[in-house]
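In what follows, a single structure is set out as structure tokens and then discussed.
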Amino acid sequence: MGGNKTFTMIKPDAVKKNAIGAILKMINDGGFRIVAMKYTKLAQSEAGAFYEVHKERPFYGELVDFMSSGPIVAAILEKDNAVEDYRKLIGATNPADAADGTIRKLYATSIGENAVHGADSDENAAREGAFFFSERDMH
Ligand code: ATP
Ligand code: MG
């Protein structure tokens, strides 16, 4: 079993759809506790740095433009086995493949504009959380 924290963002498409409240409810109903949370907007350079791991992927430019196109909600979430369980709650990257009842099935538009981000490992969850939050923001 993995660690007890993960990192998420509600992406600009879901914020524009006014789905922040509905998604936070799914997160809470899924058994996750909010440890830190922020409504903010990434500069293009910040989105580029956040997604540095995808630099060589063909969609990197599109991803960076999209993630800096509007406000987002960033949050650290707590639950047993957080990373894996949260990936289950959000569903597959492409909403066409996402299981019924998942956040992406309900709120994503496309493979690029897919409503939420979820960290893919304990190590990345810690790194991504530290990108947005200091110790004094975590409760
Ligand atoms: P995330 O990291 O946002 O939780 P993920 O882990 O399911 O998503 P990754 O492979 O890490 O998927 O891709 C990161 C993000 O890049 C995706 O969420 C999506 O927004 C975008 N992306 C991935 N594949 C494509 C693609 N083929 N075309 C356009 N955008 C894509
Ligand atoms: Mg990923």
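Tally the residues that are acidic (Asp, Glu) and touching a helix residue (DSSP H, G or I) at 6+ places or on another chain (Cβ under 8 Å), restricting the search to the stretch 49-67.
Summing the residues that are acidic (Asp, Glu) and touching a helix residue (DSSP H, G or I) at 6+ places or on another chain (Cβ under 8 Å) in the stretch 49-67 gives 1.
Residue check: is Thr40 within 14 Å of ligand 1 (Cβ to nearest atom), among the hydroxyl-bearing types (Ser, Thr, Tyr), touching a residue at least 24 places away in the same chain (Cβ under 8 Å) and under 20 Å from Glu128 (Cα atoms)?
No.
Tell me which of these Asn81 doesn't satisfy, since it passes every other one: (1) crowded, with 18+ Cβ neighbours inside 10 Å; (2) on the phi > 0 side of the Ramachandran plot.
Among (1) crowded, with 18+ Cβ neighbours inside 10 Å; (2) on the phi > 0 side of the Ramachandran plot, Asn81 violates only (1).
Here are the criteria: (1) small (Gly, Ala, Ser); (2) closer than 17 Å to Lys38 by Cβ; (3) crowded, with 18+ Cβ neighbours inside 10 Å; (4) more than 10 Å from ligand 1 (Cβ to nearest atom). Tell me which single one Ala119 does not satisfy.
The single condition Ala119 does not satisfy is (4).
Considering only residues that are more than 16 Å from Ile103 (Cα to Cα) and surrounded by fewer than 20 Cβ atoms within 10 Å (Cβ to Cβ), which ones fall in the stretch 1-36?
Within the stretch 1-36, Met1, Gly2, Gly3, Asn4, Arg33, Ile34, Val35 meet the criteria.
List pairs: first in the stretch 89-111 and under 16 Å from Met9 (Cα atoms), second part of a loop (DSSP other than H, G, I, E, B) and aromatic (Phe, Trp, Tyr), Cβ under 8 Å, 6+ apart or cross-chain?
Note: pairs meeting the criteria are Leu89/Phe32.
Need a quick list: strands (runs of 3 or more DSSP E) entirely within the stretch 1-85 having at least 2 residues that are closer than 21 Å to Ser110 by Cα.
5-10, 72-78
Here are some conditions: (1) within 10 Å of ligand 1 (Cβ to nearest atom); (2) more than 11 Å from Phe7 (Cβ to Cβ); (3) surrounded by 14 or more Cβ atoms within 10 Å (Cβ to Cβ). Asn124 meets all but one. Which one does it not meet?
Checking Asn124 against (1) within 10 Å of ligand 1 (Cβ to nearest atom); (2) more than 11 Å from Phe7 (Cβ to Cβ); (3) surrounded by 14 or more Cβ atoms within 10 Å (Cβ to Cβ), the one that fails is (2).
Only residues that are free of Cβ contacts under 8 Å to residues at least 60 places away in the same chain and either part of a loop (DSSP other than H, G, I, E, B) or within 16 Å of ligand 2 (Cβ to nearest atom) (or both): list them for the stretch 122-136, please.
Scanning the stretch 122-136 gives Glu123, Arg127, Ser134.
Sort through Gly91, Gly70 and tell me the only one that's touching a helix residue (DSSP H, G or I) at 6+ places or on another chain (Cβ under 6 Å), away from ligand 1 (no atom under 13 Å from the Cβ) and more than 20 Å from Gly129 (Cβ to Cβ).
Gly70
Find all pairs meeting these conditions: Cβ atoms under 7 angstrom apart; at least six residues apart or on different chains; first residue within the stretch 57-68 and of a type in the set (Phe, Trp, Tyr); second residue within 12 Å of ligand 2 (Cβ to nearest atom).
Once the first residue is of a type in the set (Phe, Trp, Tyr) and sits in the stretch 57-68, its partners that are within 12 Å of ligand 2 (Cβ to nearest atom) give Tyr60/Tyr51; Tyr60/His54.
Which members of the stretch 89-112 meet the condition of being surrounded by fewer than 20 Cβ atoms within 10 Å (Cβ to Cβ) and more than 14 Å from ligand 2 (Cβ to nearest atom)?
Passing the criteria: Ala96, Asp97, Ala99, Asp100, Gly101, Lys105, Leu106, Thr109, Ser110.
Computed from the coordinates by the stated procedures, all read-outs in this text should not be read as laboratory data. On a predicted model such as this, the values are computed, not experimentally measured, just so you know. Quick reminder, even Gly has a Cβ in these numbers, built from the backbone with ideal geometry, and neighbours come from all protein chains shown.
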